[in-house]
Amino acid sequence: MKSIALLFKALTDETRLRIVNLLSQGELCVCDLTHALNMPQSTVSRHLATLKNAGVVTDRRCRTWAYYRLSDAVEPFAREVLQLLAKHMGGIEEALADSAALKGFRLSPDRNCEQAPKRGAKQ
């Protein structure tokens with residue numbers, strides 16, 4: 001029961017819902033999230049820590065960059081909740097704007113983080 005309560009507490013914030021929506025599209029660098037959400041790195045990192053403590057996201061480090069993704073190790077109930085969120089967030093205007101901002105930034109030459117090798121690739 002505690003894990004379910006922790007999951008819902010983590011998802012009660014609009015910013016964290018927006019982060020989960022963006023991460024449902026795949027692994028992202030913190031700089032991707034800060035740009036898409038138009039928020040400072042410290043704010044995004046604080047929300048990511050809450051999601052990580054709830055087991056919703058996991059991270060990996062590559063040199064100075066941190067990359068986040070939805071956790072593969074979530075309980076079946078949490079996985080269903082996250083899938084349902086992803087399905088319904090796709091029709092919300094703010095979520096669509098976040099996705100468009102992310103797409104534009106990832107294609108931009110101004111993107112300042114390097115493309116880190118994917119999990120399991122040699123560094």
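Below are the figures for this structure:
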| quantity | calculated |
| --- | --- |
| Single unsatisfied condition, D32 versus (1) open to solvent by 20 Å² or more (accessible area, probe 1.4 Å); (2) in a helix (DSSP H, G or I); (3) touching a residue at least 12 places away in the same chain (Cβ under 8 Å) | (1) |
| Answer from K103, K87 - the residue that is among the charged types (D, E, K, R) and surrounded by 11 or more Cβ atoms within 10 Å (Cβ to Cβ) | K103 |
| Residue among A5, A49, A66, A78 that alone is under 23 Å from R111 (Cβ atoms), open to solvent by less than 60 Å² (accessible area, probe 1.4 Å) and either in a loop (DSSP other than H, G, I, E, B) or not acidic (D, E) (or both) | A66 |
| Considering residues of segment 67-96 that are without any contact (Cβ under 8 Å) to a residue 60 or more places away in the chain and in contact with a Ser or Thr (Cβ under 8 Å, 6 or more places away or on another chain) only, the residue farthest from E27 (Cα to Cα) | A73 |
| Selection within segment 72-96 - within 13 Å of S3 (Cα to Cα) and either over 16 Å from the mean Cα position of the chain (by Cα) or charged (D, E, K, R) (or both) | E75, P76, F77, R79 |
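The values are calculated or read from the model by the stated rules, or taken from the named source; none is laboratory data. Bear in mind that the values here come from a model prediction, so they are computed numbers and not experimental data. Cβ atoms come from the backbone with ideal geometry, glycine included; neighbour counts cover every protein chain shown. Surface accessibility is based on the protein's heavy atoms, side chains included, excluding ligands, DNA and RNA. Shrake-Rupley method; radii C 1.70, N 1.55, O 1.52, S 1.80 Å.
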